[in-house]
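Bear in mind these aren't lab numbers, they're just calculated from the coordinates by the rules spelled out. Since we're looking at a predicted model, the values are computed, not measured. Quick reminder, even Gly has a Cβ in these numbers, built from the backbone with ideal geometry, and neighbours come from all protein chains shown.
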Amino acid sequence: MKFIIATNNKKKLRELGAILDKFGVEAVSLAQAGIVSDAEETGDTFEENSKIKAEAAMQVSGLPAIADDSGLVVDALGGEPGIYSARYGGDKCKDDVERYEFLLENMKNVPDGERSARFVSVITCVFPDGRLLSARGEIEGEILRSPRGEGGFGYDPVFFVAEENMSMAEMSQERKNEISHRARSLEIMAKKLEEVL
């Protein structure tokens, strides 16, 4: 059995592929399948956008498809950047560093103790017969006042995990893969797939 992973992000492909491999499923990216699917993320939630991407890939390929939508939710900013995490700051923020610097600037007056945040990952799997599976994973943390660590990507350098006493960017890749929001949603999805495959 073959599944389309609705991404060309090698890291996501590897993580999702490792899970599907346990069920004897071959995971292929959009590019590997020769598919161009640029679904417009018009949803208001991670769940909606994940479903939009998975359904678009399934319709184009005719195969079961899996998609992930993830981002950072900051309580003091009313949930921002949320579903816009990868595009936070618009055109004035061209890369990860500019985005987290924009976030820190927006939070400069937020006192310690009120800087709670979470990373969220929602994975959706859709089948051509209409079945749909969804899994949500989260990791709680707080936003630092300045970046720490050289690893990870995105907002990892400014996201502090109290139980680990370090930022996501200071963790080893192995540890991050064990406790991250995506690891948690993948774990839930694996259990759901086990029931249907």
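Things worth noting here:
- Temperature 37 °C, viscosity 0.692 mPa s: under these conditions the Stokes-Einstein estimate for the range 5-108, based on its Kirkwood radius over C-alpha pairs, is 216 µm² per second.
- Given charges at beta-carbon only (K, R positive; D, E negative), |dipole| of the range 72-119 in Debye: 100 debye
- Relative packing of 127-133, 49-55, 23-29, which averages over residues the other C-beta atoms within 10 Å, highest first: 49-55, 23-29, 127-133
- Given their separation in residues at 0.36 nm each and the Cα-Cα distance between them, residue 9 and residue 196 gain 64.7 nm when the chain is fully extended.
- Computed extension gain for residue 87 through residue 114, at 0.36 nm per residue and net of the alpha carbon distance, reaches 7.3 nm.
- Dipole magnitude for the range 2-196: about 440 debye, using +1 per Lys or Arg Cβ and -1 per Asp or Glu Cβ, origin at the Cα centre.
- Equivalent-ellipsoid semi-axes of the chain, from the Cα gyration tensor, Å, largest first: 31, 18, 14
- Listed residues 61, 79, 169: farthest to the positive end of the dipole of the chain (Cβ charges): 61
- Each helix, a run of at least 4 DSSP H residues, gives -39500 (n - 2.57); summed and divided by the residues of the chain, these come to -10000 deg cm²/dmol at 222 nm.
- With a Förster radius of 25 Å applied to the beta-carbon distance between residue 95 and residue 26, the computed FRET efficiency rounds to 0.15.
- Low-density loop cleavage sites - GluC sites (Glu not before Pro) in the range 64-121, where at most 15 other Cβ are within 10 Å (DSSP): 114
- Label zone (residue 132, point 7 Å along Cα-to-C-beta; backbone nitrogen cut-off 11 Å) within the range 6-50: 47-50.
- Leading residue at positive end of dipole, the chain (Cβ point charges), from 144, 179, 196: 196
- Per principal axis, descending, Cα span of the range 1-61 in whole Å: 33, 22, 19
- Ordering of 150-156, 170-176 by packing [mean C-beta count within 10 Å, highest first]: 150-156, 170-176
- Of 35, 143, 123, the residue with the greatest mean-square motion in the GNM of the chain, using alpha carbon springs below 10 Å, is 35.
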